[in-house]
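What follows is a set of notes on a single structure, which appears directly below.
We did not get these values from a lab; they are worked out from the coordinates using the rules stated. In this text, all values refer to a predicted model and were calculated from it rather than measured experimentally. Methodologically, a virtual Cβ is constructed for each residue, glycine included, from the backbone with ideal geometry; neighbour enumeration extends over all protein chains shown.
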């Protein structure tokens with residue numbers, strides 16, 4: 001009997017455990033009793049081959065751990081059959097193992113879970129052991145039933161997700177504790193997954209990314225943001241906290257370029273979220289790890305690929321920022337993101353990424369290449385949804401001088417008084433949303449940069 005036949009028989013017989021011991025036949029444990037499945041004893045060398053096959057089923061997991069330490073625990077899934085939790089160990093100098101059958105569960109399988117999330121227009125799916133499956137809809141986390149998902153079952157759910165991602169290896173999450181990737185289900189949607197360990201168990205947050213590109217009008221994007229598509233050089237930064245819609249805003253800008261210009265657009269993302277078809281432009285999309293080693297290596301390579309527009313998913317360190325500014329300096333339009341709120345904070349963050357000895361040079365370079373900063377937050381609305389609030393800064397001579405002369409603290413004042421140039425401060429954006437009846441006073445204050453000042457503005 002080969003291992004696939006054995007696993008299938010165990011599921012059919014509703015066995016709890018499978019015993020793989022050299023010198024004895026295969027056996028199942030059911031209802032507290034151990035039942036031999038034949039009279040043929042398994043020799044140690046045969047058991048080694050069986051174990052090798054089990055490790056192959058576990059997405060070609062390496063056997064180094066059991067060979068070095070004598071024991072290994074892991075989970076794997078046989079699609080369409082069941083999940084399994086394996087404990088492999090050495091005894092009497094031979095490999096042996098006990099494999100527990102873990103059914104996919106009565107609550108919901110992964111395909112049902114992902115499909116239902118799309119149908120319910122969920123933004124995120126929460127897969128956390130010890131709590132029910134949850135969706136984030138309209139900014140609120142909503143449990144999908146009362147059945148708590150146990151760690152063993154969650155391991156198998158996560159393994160199924162890796163299978164959907166073209167059998168992606170789980171080595172990264174096992175070794176480093178977290179992993180980012182994207183995958184698609186034909187006819188359903190694309191998804192961006194972040195899988196991680198917490199309290200010793202696997203967990204995951206999966207973002208739903210629609211196949212169709214977002215509609216800027218439905219997202220309430222101001223026209224001046226889409227006007228960025230008309231720029232041919234310089235650097236534009238889209239900033240905000242995680243989950244504030246930066247990638248979606250950039251996708252709208254790229255789509256506008258794609259529809260209106262004949263250009264070569266290169267995107268470097270980790271992972272790729274929105275897929276762009278070639279329209280007026282050629283759009284080349286590269287994913288970090290899958291298509292290039294890192295943002296730095298991909299960005300360097302992109303400069304030799306005849307780009308007109310480069311989208312850099314995130315400026316993570318001073319080396320990436322430095323290359324990005326050089327690209328903007330040499331006549332390309334550079335689009336990127338930072339996890340900052342507010343234009344002035346964004347400029348400080350870029351400059352502070354460099355050693356003090358280089359900061360004056362960076363101020364001068366940044367004053368030349370920076371074209372605009374779009375900072376955004378998603379604010380809960382009175383009707384239970386969310387709507388973006390924007391701070392928009394386009395650089396004029398006054399702001400460029402302030403950056404060069406390290407007078408960043410004066411920039412907020414220029415933004416607040418330059419509405420005729422298409423600028424708006426975050427506070428003014430929040431005040432308008434409050435006075436239009438879109439958000440509550442409490443949220444206007446909570447999401448402002450200075451709550452006391454906002455209170456005084458709203459009381460006028």
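Provide the FRET efficiency to the nearest 0.05 for the residue 5-residue 176 pair, computing r from the beta carbons and using R0 = 41 Å. Show your work: numbers first, answer last.
On the way: r = 36 Å, r/R0 = 0.87.
The calculated FRET efficiency here is 0.70.
So what is the relative contact order for region 181-309, in percent, with contacts set as C-alpha pairs under 8 Å and at least six apart?
Details: 169 pairs, mean separation 26.8, N = 129.
Relative CO of region 181-309 lands at 21 percent.
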How would 35, 321 line up from fewest to most surrounding beta-carbon atoms within 10 angstrom? 35, 321
One computes Rg over Rh for region 3-102 from alpha-carbon atoms, with the Kirkwood Rh, and obtains 0.94
Sorted from fewest to most neighbouring beta carbons within 10 Å, what does the list 72, 171 look like? 171, 72
Fully extended, how many nm does the chain gain between residue 452 and residue 219 (0.36 nm per residue separation, minus their Cα-Cα distance)? 80.9 nm
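Please report the antiparallel percentage of the DSSP beta bridges confined to the chain, to the nearest 5. Could the numbers behind the result be given before it?
Details: 66 of 92 bridges.
The antiparallel fraction comes to roughly 70 percent.
Taking every DSSP beta bridge that has both residues in region 195-303, what percent is antiparallel when rounded to the nearest 5?
Working: 4 of 11 bridges.
Counting only bridges with both partners in region 195-303, antiparallel ones make up about 35 percent.
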On a 0 to 90° scale, report how tilted helix 343-352 is relative to the longest principal axis of the chain, with both axes built from alpha carbons and the result rounded to the nearest 10. 70
What is the angle, in °, between the Cα long axis of helix 359-369 and the longest principal axis of the Cα atoms in the chain? Nearest 10 is fine, range 0 to 90. 80
In nm, to one decimal, how far is the residue 260 label point from the residue 56 one, both placed 7 Å along Cα→Cβ? 5.6
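At a Förster distance of 22 Å, what's the computed FRET efficiency of residue 91 paired with residue 39, Cβ-Cβ distance as r, to 0.05? Intermediate results must be reported in sequence, preceding the final value.
Values: r = 22 Å, r/R0 = 0.98.
The value I calculate is 0.55.
Taking 2.2 N^0.38 Å as the expected size of a compact globular protein, what ratio does the Cα radius of gyration of region 155-252 give against it, to two decimals?
1.36
Ranked by Cβ crowding within 10 angstrom, fewest neighbours first, how are 264, 220, 332 ordered?
Numbers: 264 16, 220 12, 332 22.
By the 10 Å Cβ count, ascending, the order reads 220, 264, 332.
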At residue 185 and residue 294, where each label point lies 7 Å from the Cα along Cα→Cβ, what is the point-to-point distance in nanometres? 3.6
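Could you give me D for region 223-459, from Stokes-Einstein at 4 °C and 1.567 mPa s, where the hydrodynamic radius is the Kirkwood radius over C-alpha pairs? Units µm² s⁻¹, please.
On the way: Rh = 18.4 Å.
Result for D is 70 µm²/s.
Out of all Cα-Cα pairs in region 250-369, roughly what percent, to the nearest whole number, are more than 25 Å apart? Before the final figure, lay out the partial values.
On the way: 1643 of 7140 pairs.
Of all Cα-Cα pairs in region 250-369, 23 percent lie more than 25 Å apart.
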Got the relative contact order for the chain handy, in percent, Cα pairs under 8 Å and 6 or more residues apart? 9
Normalised alpha carbon radius of gyration of region 110-209 [divisor 2.2 N^0.38 Å]: 1.00
Kirkwood hydrodynamic radius (Cα pairs, Å) of the chain? 25.2
Pull out the extension gain between residue 441 and residue 212, defined as 0.36 nm times the separation in residues minus the alpha carbon to alpha carbon distance; nm, one decimal. 79.0 nm
Over region 3-102, what is the mean sequence separation of C-alpha contacts under 8 Å (at least six apart), divided by residue count, expressed as relative contact order in percent? 27
Residue separation between residue 81 and residue 280 times 0.36 nm, minus their alpha-carbon distance, gives in nm 67.0 nm
In range of the label at residue 68: residues from region 166-189 whose backbone nitrogen is under 11 Å from the point 7 Å along Cα→Cβ: none
Using alpha carbons only, how many degrees (0 to 90, rounded to 10) separate the axis of helix 3-12 from the longest principal axis of the chain? 90
If you consider only alpha-carbon coordinates, what radius of gyration and Dmax does region 343-460 have, in Å? 15.9, 51
